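Quick notes on the structure that follows.
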Amino acid sequence: LGVYRLRHDEVYQRNNPEPFLCEQHEILENNTQAALYLMRNKPWDLFMLHFLGTDRMQHEFCHLIDPTHPQHDPAERQRYGDVILDVYQRVDDAVGRLLEAVGTAGGNTLDLVSCPHSRHLEHTRTREHGEEWRADAGGDV
């Protein structure tokens, strides 16, 4: 497995997002493999895993899917428009592998998956995580 990767070192660069995207895929696979190893080889009563990449991808690429965003660029949308969908599909695959591993572990389990930013995109940073947003979103953030 090597080193467990907690965060991104790369930053999104508008004209060159590939290093950030590659790192995102590497971190997702690294975290999934580490979790699978721990689930299969170590005793546990509670197991949690956080995939930070979905949050980072939403923040870095929301301008691609929101045509009202001040940084929206149709050419960039054409080239990279499915990156958010792609990361969610990759996370879905990882969650499937983790749930399969839990199923083979035996015993009673409760599986809970939570996903921020799944419903609302907002390009104004002033309300992103505040109470005003929660009130506007009907409490579903």
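The values are calculated or read from the model by the stated rules, or taken from the named source; none is laboratory data. This is a predicted model, so every value here is computed, not measured. When we count neighbours, we look across all protein chains shown, and the Cβ atoms used for this are built from the backbone with ideal geometry, even at glycine. Each accessible area value is taken on the protein alone, full model and side chains, heavy atoms only, with ligands, DNA and RNA left out. Shrake-Rupley method; radii C 1.70, N 1.55, O 1.52, S 1.80 Å.
Could you work out how far apart the two model spin labels at residue 12 and residue 42 are, taking each label as a point 7 Å from the Cα in the direction of the beta carbon, and quote it in nm?
The modelled label-to-label distance comes out at 3.2 nm.
Share of the range 32-80's accessible area from carbon and sulfur, percent, 1.4 Å?
52 percent
Stretch residue 52-residue 3 to full length: gain in nm at 0.36 nm per residue minus the Cα-Cα span?
Additional length available on full extension: 16.0 nm.
Given points 7 Å out from each Cα along the Cα-Cβ axis, report the residue 73 to residue 110 separation in nanometres with one decimal.
According to this spin-label approximation, the distance is 4.7 nm.
How much net charge surrounds residue 61 when only the other residues with a Cβ under 11 Å from the Cβ of residue 61 are counted, with Lys and Arg +1 and Asp and Glu -1?
Here the count lands on -2.
Please give the contour-minus-distance gain from residue 86 to residue 22: 0.36 nm per residue of separation, less the Cα-Cα distance, rounded to one decimal in nm.
21.8 nm
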